[in-house]
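Taking it in order: structure first as structure tokens, then the write-up.
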Amino acid sequence: MEDLPPAPADPTMPDTPEARAAYIKEAQTKRDFTGLSRLFEAELLAQPAFAEAMEPYFVQSRPHVARMYANAKAGAYIKGPMLLKRTGARFLEVREEAAHDLWEIQQKKLFDLQCRWRAEQITLPGVRHTEEFRQWEKYPEHCPWLPPITADEVALYEAYLRSDAYEPSRNWSWQAYDTFRRTAEGSGDDADDDDSDDGYTTAERRAYRTLPAWYRYHDEATGAGSLLALPDVRGEKEAYYIGLTEADKAEKLAAQRARGDMAASLPWHPFISSSDCSPYFRQFEDPAELPRLLRWYEADRADVRRRQGYLFEATHWIERALEDQAAPWPIAAHADWRLAVITAGQRAWGHRLAEVLAEVWQEQEQNRALGLSVTGPKVYGDRKPFEELDWAEEETYQPKFILRGRELAGEPRDFNF
């Protein structure tokens, strides 16, 4: 077989092992695919083993095979480290999400304790008023009287992750007792649902005011029924004192208005709670500029609805499924394909979390036993370090009004009622 003439030496190619290593590192850093491909092609063509392997084939195959081989190798060098790092990051993401979600178990236990405390079935060390449960909601990992997670609880939560009842963790108000109870009793405030501009349906927005999916699953699985049905003895007592304070405040405002002092009783401007700025644009903008501004504003609002609504969720879940779900996954028929994608993606994600949940829990328990840090609950927005919290009763509206109500009732300024 006719041999091809040897390629002339390329002075730009490295000629020592040290220079080769430096050349490859620089090419990877700069993502120089062409430079790496040229190096690997030259090295392959210089190998006697390659020439021997090509002998049974048409002589013109050799440069084509060398180029294809070099391109594949260069692609692996350029993209491989990054892709492996990304795969590792996704692996860690799943485990971190599972560690975050384990705290849902504790939130449910905290909520059940709140229901029993409100019913005055139990006392809890240091708990003085209902607002403190909203504080512990943010810091469950520091709550001294919350029992640790057990293996049986992990098994039940794993079953929940694999069930059709599973809903991905979101910014739940885990201890929003009053909201959950009003919704359960059918007295929730739905007045603004139909006018909302967030891209979700009315039913989806109402879902945020119902018991979290994990709470409902836990109640059904354990057969214990919802402790939300217990009487809210403590809450009613607090409401009595708060009512005294609010009545006193209203009386003072009425007296101020009677004296002609209106400033203290003026309402907030409606713009602060408005979801539509167009009436105010019409009030303050130049009429010549107004039509264009309104068109741009409506385009921006439409984009916000698209990005924040369930269309965004559909995109999110299909991307996550394509990236992370290696095996085929079923998708149910639905009148709206977007909702079908969301549901299928969420089911797949729940199963991925379930696969690592028990192992992650064991790691967390080992870290606790060794005095090492553990992954806390997911944090939405800013959260002060626990050590910097001020638990003084005067700091928030509800306990402040309770104490003032106690004074108005001629009772001690404390929470012993």
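Sorted on the mean count of surrounding Cβ atoms within 10 Å across their residues, most packed first, peptides 95-101, 72-78 read 95-101, 72-78. Calculated over the stretch 17-86, the projected area of the Cα convex hull averaged across directions stands at 5.3 nm². At a temperature of 4 °C and a viscosity of 1.567 mPa s, determine how fast the stretch 271-355 diffuses translationally according to Stokes-Einstein, using the Kirkwood radius over alpha-carbon pairs as Rh; express D in µm²/s, rounded to the nearest whole number. Here the translational diffusion coefficient equals 82 µm²/s. Rounded to two decimals, what is Rg over Rh for the stretch 133-175 when you use alpha-carbon atoms and the Kirkwood radius? That ratio is 1.02, to two decimals.
Under the combined filter of DSSP loop state and at most 15 neighbouring Cβ atoms within 10 Å, the stretch 259-316 retains these chymotrypsin sites (Phe, Trp or Tyr not before Pro): W268.
Each of A46 and W329 was given a label point 7 Å from its Cα along the Cα-to-Cβ line. The distance between the two points is 4.8 nm. In degrees from 0 to 90, rounded to the nearest 10, what is the angle of the helix 213-222 Cα long axis to the longest principal axis of the chain? Taking the Cα atoms of the chain, the angle to 213-222 is about 80 degrees. Are there trypsin sites (Lys or Arg not before Pro) in the stretch 347-417 that DSSP puts in a loop and that have at most 13 other Cβ atoms within 10 Å, and which ones? Answer in residue order: R383, R413.
Per-residue 3J(HN,Hα) values for the stretch 102-118, derived from phi via the Karplus relation 6.51 cos²θ - 1.76 cosθ + 1.60 with θ = phi - 60°, read 4, 6, 4, 4, 5, 4, 5, 5, 5, 5, 4, 5, 4, 4, 6, 5, 5 Hz in sequence order (x marks Gly and Pro).
Between E167 and W296, the FRET efficiency from the beta-carbon distance, with R0 = 35 Å, is close to 0.45.
Only one residue of Q60, M82, L39 has its Cα farthest out toward the positive end of the dipole of the stretch 17-86, where Lys and Arg carry +1 and Asp and Glu -1 on Cβ, and that residue is M82.
Distance between the modelled labels on L266 and E387, one decimal in nanometres: 4.5 nm (7 Å Cα→Cβ projection).
Report the extension gain between K85 and Q283 in nm, rounded to one decimal, defined as 0.36 nm multiplied by the number of residues separating them, less their alpha carbon distance.
Extra length from K85 to Q283 when fully extended: 65.9 nm.
In this structure the amide hydrogen of D32, modeled in the peptide plane, comes within under 5 Å of no amide hydrogen from residues 5 or more places off or on another chain.
Put simply, the convex hull of the Cα atoms in the chain casts, on average, a shadow of 36.4 nm². Rounded to the nearest whole Hz, the Karplus-based 3J(HN,Hα) values (6.51 cos²θ - 1.76 cosθ + 1.60, θ = phi - 60°) of the stretch 353-362 follow the sequence 5, 4, 4, 10, 4, 4, 5, 5, 4, 4, with x at glycine and proline. Applying 1/(1 + (r/R0)^6) with R0 = 51 Å to the Cβ-Cβ distance of A229 and E251 gives a FRET efficiency near 0.90. Result for the chain in a Gaussian network model with C-alpha springs under 10 Å: among C277, C143, C115, the largest mean-square fluctuation is at C277.
Bear in mind that the values in this text are calculations on the coordinates, not laboratory data. Everything numeric in this text was worked out from a predicted model, so none of it was measured. Because the Cβ atoms are built from the backbone with ideal geometry, glycine has one as well, and the counts that use them run over all protein chains shown.
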